[in-house]
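The values are calculated or read from the model by the stated rules, or taken from the named source; none is laboratory data. Remember, predicted model here, so these are calculated numbers, not experimental data. Areas reflect the complete protein model, heavy atoms only, side chains present, ligands, DNA and RNA absent. Shrake-Rupley method; radii C 1.70, N 1.55, O 1.52, S 1.80 Å.
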Amino acid sequence: MLIAGFPAGAWGTNCYVVAPAPGEECVIIDPGHQAAQGVEETLKKHRLKPVAVVLTHGHIDHVASVVPVCGAHDVPAWIHPEDRYMMSDPEKALGRSIGMPLMGELTVGEPDDVRELADGAALKLAGMDFSVAHAPGHTKGSVTFRMPELADVPPVFFSGDLLFAGSIGRTDLPGGSHAEMLDSLARVCLPLDDSTVVLSGHGPQTTIGRERATNPYLREVAAGPAAGPHEGAPAPRRGM
C-alpha cells in the first residue's frame, strides 16, 4: 500500500494519493487549495495513474483543485449530494456574500463527471476498497473513507474534518451542527479498532486508540450523555 500525503495551500489541507503500489492506478483524496502541483509531483514520483478523485466534504479548502486535477486526467469526482453545491458556490458554504474575495483567484465549479456518494457505499477504485460513511456535523454532506486491514497494513480511516489529532472539526459554519458532530463521532469513530490509522483533513496522523484515550470530544462521546460535557474542551475551530 502506498499513501502519499501533503498539506496544501493557505489552509494546510491534507491531500492524499492512495495506490496499491508504485507504478499502479491511484485515488486522489481532497485536492484542495493549491494542491494541483503537489498532486502532479506525487504522481510523477511514484509513476501513478489516477482513476478518481474522492472528497470528504465540499469546503473550498478541500475541493479548490478538483476541476484542474480531474480535467488533467479525465477522471470523475465523488462527493456527497448535500455538499455538491459547494463546488460551484463556495461563498454560500462559508456564509459569505457572492462576489467577496476568497483567497484570490480560485477555480470553482464542477468537473465534467461528478458522482454522488451514499452512506454505506462500498467503492472499489484502483483495485482498492473504500467504505463510505456519511458523517455530518462539520457540513451536511461530510463523509469518511475507511480501508480494511491488509496483511501488513492496519486499517486506514480518512476522517476529513470529522476527527483530528486532539480535536474535531468546527461546527459554526453554515450546515454545521455540534449535535450531529457528536452523533457522527459516536456512530462512525467509536466502533473502529484502536489500531486504525486516522489520516485527517488537517494536522498529523493519529490512531483511534490514541484519540479514544486523549481526545476530549471522543472521550465525551464514549462516556455517554449521563457524564455531561467534558470540562475544559474548547470550541473546535479547525477546518475551513
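State in Å² the accessible area per residue of the chain; use a 1.4 Å probe, count heavy atoms of protein chains only, and round to the nearest integer. Per-residue accessible area for the chain comes out at 43 Å².
Expressed as a whole percent, how much of the Cα-Cα distance distribution for region 119-187 exceeds 15 Å? Beyond 15 Å sits 55 percent of the P(r) for region 119-187. For region 7-63, evaluate the Debye formula with one uniform point scatterer on each Cα (no solvent term) and list log10 I(q)/I(0) at q = 0.13, 0.31 Å⁻¹, rounded to two decimals. Ignoring solvent entirely, the Cα scatterers give -0.29, -1.23.
Rg and Dmax of the chain, both derived from C-alpha coordinates alone, stand at 17.0, 53 Å. Once all protein chains are placed together, Val197 keeps about 30 Å² accessible to a 1.4 angstrom probe.
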